[in-house]
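Okay, so here's the structure we're looking at.
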Amino acid sequence: MTKIITPEAVVAYSQCLRKAFLILCSERQGMPHDYVRLLQEQARRNRIKYVNLIEQEHPGVSTGNAAVLLNGEDVLLEVPLRLHDSAS
């Protein structure tokens, strides 16, 4: 079967050969490519590792919601930020 080289695959090739390979060889249409899932999983593991390290080095830091600011917490981790219609 002939594979169509899309603009997405060309851009991926310039960024990372593995990304281009996974885009071209993916059988599932409409699903996230394996490369994207690999990056998301790696980011998740790195975030957990980094948060744990911060919590060990700085016991006063906590994860949670903004309500703990009322309890005197100075620093929060992994709190969604919202302002009117914008969120991050």
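Overview of values
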| item | result |
| --- | --- |
| Hits in the range 45-60 - residues which are within 11 Å of GLU78 (Cα to Cα) and part of a loop (DSSP other than H, G, I, E, B) | none |
| Set GLU55, GLU8, GLU78, GLU73: member being modelled with pLDDT under 70 and not aromatic (Phe, Trp, Tyr) | GLU73 |
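The values are calculated or read from the model by the stated rules, or taken from the named source; none is laboratory data. Just so it is clear, the model here is predicted, and its values are computed rather than measured.
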